[in-house]
1. How far apart, in nm, are two points set 7 Å out from the Cα along the Cα-to-Cβ line at residue 240 and at residue 303?
2. How high is the FRET efficiency from residue 54 to residue 215, r the C-beta distance, R0 51 Å, rounded to 0.05?
3. Which ³J(HN,Hα) values, rounded to whole Hz and listed in residue order, are derived for region 181-195 from phi using the Karplus coefficients 6.51, -1.76 and 1.60 in 6.51 cos²θ - 1.76 cosθ + 1.60 with θ = phi - 60°, glycine and proline given as x?
4. Using the Karplus equation 6.51 cos²θ - 1.76 cosθ + 1.60 (θ = phi - 60°), what ³J(HN,Hα) coupling, rounded to whole Hz, does each residue of region 293-309 give in order, writing x for Gly and Pro?
5. How large is Rg over Rh for region 28-178, taking Rg from the Cα atoms and Rh as the Kirkwood inverse mean of 1/r across Cα pairs?
6. Placing +1 at every Lys and Arg Cβ and -1 at every Asp and Glu Cβ, with all other atoms neutral, what dipole size does region 151-305 have around its Cα centre, in debye to the nearest 20?
7. Farthest toward the dipole's positive end in the chain, which of 30, 192, 64, given Cβ charges of +1 (Lys, Arg) and -1 (Asp, Glu) about the Cα centre?
8. Using per-residue counts of other Cβ atoms within 10 Å, averaged over each peptide, order 287-298, 243-254, 50-61, 169-180 from highest down.
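Any read-out appearing in this document is the output of simple, stated calculations on the displayed coordinates, not a laboratory observation. Model, not experiment: these values are computed from the prediction. Note that each Cβ is placed from the backbone with ideal geometry, even for glycine, and that neighbours are counted across all protein chains shown.
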Amino acid sequence: MGCHISEVKPENRIEAYTALKTKDFLRDCQKQGKNFFCWASFHGPHQPYTPPAKWAALYPVEKMPLPASWNEPIDHLPPGLQNWRRNTKTPWSLAKAAENPTLYRQYIAYYFAQVTEVDHFIGDVLAELEALGLRDNTIVIYASDHGDFVARHGMIEKCAVSHNVYEETLRVPLIVSWPKRFQQGATCNSLAELVDLYPTLVELLGLQRPADAPKLAGRSLVPTLAEGKPTGRAYAVSENWSQTTIITDRYKLGTWIDPTPRYAQRDFRQKFPDLLFDREQDPQELAHLVDKPDYAGVEQQLRAHLAEWVGRTADDGKKALSAS
């Protein structure tokens, strides 16, 4: 399963290096009295799942619980995920893991260990901000580009084919901290997208965009961060080259789209229905609701959202955008 203990010393791993260089940058900016923008990109948690022993020891493999959907029937999944579940070759031999769940437990444990490693070094960076006297007036944003199945649906990592509908890969952390202005520890369940970060920073920093600049796809989250107001977003959208997914507070509709010609004949293009989930009643996303009479109105509404979004979003990036 591509999981083993790393022989690299913790202080020589990429997470430690990222934290070291970030702290060097912050010290230099503080010394020169310069304003700064710092993007610190931590590699983990990511395959191969190879944490140092010190972090892996916190998560005994034999004690790792398996998620409720780890043995979801293969034919219940989109074709791309079915292929992964049937794979018998290294490094991701999910067919072998289905026969030996300890392999899934090891993967889960080592994934958690990598999360803890990253958490440790992010704390290291935040402590440096504090020591330099910069913490109170520094906007800190913590986010991720995508999630990881962590054995849910019997899957591993993100499975780039037919993954773009499941909560495990679409729901990512988004933490924004500015002690000088925002309430600490507040949470909000409103819909947000990563494209909201740019207009949020533009507003927070008092920047002005050119008068003739096109409208943005995102919307500022300042009212939410500063006053606790809902984002007011009717739906959120995630799109890759195989799926477009519309997400509301309760429901989610994943639809198939035509990928590039290079992928047009791939297995995931086999006939498979769109995916509709009730996020409230079915948090494990196991019940397919497309074409179910009781959900016809819900499906119609989500498809209307999709049509509206497609109508105002050009695939060449030239059309002016507006927030949903």
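1. 2.5
2. Between residue 54 and residue 215 the formula returns 0.55.
3. 10, 9, 5, 8, x, 6, 10, 8, 9, 5, 5, 9, 10, 5, 5
4. With the stated coefficients, region 293-309 comes to x, 5, 10, 4, x, 4, 4, 4, 5, 5, 5, 5, 4, 4, 4, 5, 5 Hz.
5. Checking Rg against Rh, the ratio lands at 1.08.
6. 400
7. Farthest towards the positive pole: 30.
8. 243-254, 50-61, 169-180, 287-298
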